[in-house]
Amino acid sequence: GRASATDAVAAPVPRSSLFAAGGEIRISGVSKSFGALKVLDDVSLTLRPGSVTAIIGQSGSGKSTLLRAINHLERVDQGFIAIDGELIGYRQDGDALHELKEKDILKRRVDVGMVFQTFNLFPHLTAIENVIEAPMTVRGVPRAQALAEARELLARVGLAAKADAYPRQLSGGQQQRVAIARALALKPKVLLFDEPTSALDPELVGEVLHVIKELARSGTTLVIVTHEIGFAREVADHVVLMEEGRVIEQGPPHRMLTEPDHPRTREFLAKVL
Ligand code: ADP
Ligand code: MG
């Protein structure tokens, strides 16, 4: 059954005005099946505000499903997820949880930005139009203000000069950086990256990792599913290994990735490195 919601533990961290405060992610006893296949099996994790977590694990281990559950793009069968103590996708009524209506889910979802492997930009909109779309439609930000903030965000990802370019006129790395600016435009408390560089040509990976590295310093809570072990070692302060829907090992990067003392992690690294 479902546990009750919990209070947030919020150690304040310095952050720029572009970001919302807070960002503790609490995942508690989450399970999810697709038919007979148990894709998430009693996953519990608490991620501190401002922390950077790398999720690693073989293909099919449930990493994407877990990220999607944090955004309530995937409904879980058991357990709950809360951001700063606010349940994702549900409201609590005594001991029962009721799923929120779609429009309330959308409202709550602005706390959680997501960057996908395949960018998913609107092809018929320019870079800056892609960035202002959600703030204007979801948050009702006036166009002039949305444009000013979008320019600042595009500058932040190194694309000030490409504001008026269409996605097809941009490289994969540039498109992914626009996608990051777009995710930031709603001032999320947490930002989820699902293999953000795995669709990129090798020479374009670095520019995207560089932008994520900069964000890691900004104090937004980041969760990054990645096969870039060197990057995870450098940027993450927590590493989580998933296998068959379970979190099987977790710890700081030096214990997980530099001199791994966890046997399953060692096995996994021997395969991917
Ligand atoms: P990962 O991101 O670690 O590769 P996923 O979370 O994408 O893993 O998938 C975990 C398992 O769940 C895989 O076996 C996958 O085929 C299955 N799966 C994911 N989404 C669905 C879905 N919508 N319907 C059925 N099976 C799914
Ligand atoms: Mg995946």
Legend entry - Computed [θ] at 222 nm, helices only, for the chain once each DSSP H run of length n ≥ 4 contributes -39500 (n - 2.57): -9500 deg cm²/dmol
Legend entry - Phi-based couplings in Hz for segment 36-49 (Karplus 6.51, -1.76, 1.60; Gly and Pro marked x): 7, 8, 7, 8, 10, 10, 6, 7, 10, 8, 10, 10, 5, x
Inset, instruction - First measure r as the distance between the Cβ atoms of Q78 and Q169, then evaluate 1/(1 + (r/R0)^6) with R0 = 41 Å and state the FRET efficiency to the nearest 0.05. - result: 0.35
Legend entry - Extension gain (nm, one decimal) between Q58 and A161, 0.36 nm per residue minus Cα-Cα: 33.3 nm
Inset, instruction - Would you kindly state how much longer the chain becomes between H227 and H254 on full extension, computed as 0.36 nm times their sequence separation minus their alpha carbon distance, in nm to one decimal? - result: 8.1 nm
Inset, instruction - Using only the Cα atoms of the chain, build the gyration tensor, take square roots of its eigenvalues as a ≥ b ≥ c, and label the shape rounded, prolate or oblate: rounded if a/c is under 1.5, else prolate if a/b is larger than b/c, else oblate. - result: oblate
Legend entry - For peptides 57-65, 222-230, sequence by mean Cβ density within 10 Å, most packed first: 222-230, 57-65
Inset, instruction - Give, in whole angstrom and from largest to smallest, the semi-axes √(5λ) of the equivalent ellipsoid of segment 122-273, with λ running over the eigenvalues of the Cα gyration tensor. - result: 33, 16, 12
Legend entry - Among 159-171, 43-55, 204-216, the order from most to least packed when residues are scored by Cβ within 10 Å on average: 43-55, 204-216, 159-171
Inset, instruction - Work out, step by step, the length gained on full extension between L37 and K271: first 0.36 nm times the residue separation, then minus their alpha carbon distance; give nm to one decimal. - result: 81.8 nm
Inset, instruction - Starting from the Cα of K38, draw a straight line to each of the lysines and keep only those under 19 Å, dropping any in the same chain fewer than 8 residues away. - result: K63
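A short reminder: the numbers here are calculations on the coordinates, not readings from a lab. Quantities reported herein were computed from a predicted structural model and do not represent experimental measurements. Please note: Cβ atoms are built from the backbone with ideal geometry, for glycine as well, and neighbour counts cover all protein chains shown.
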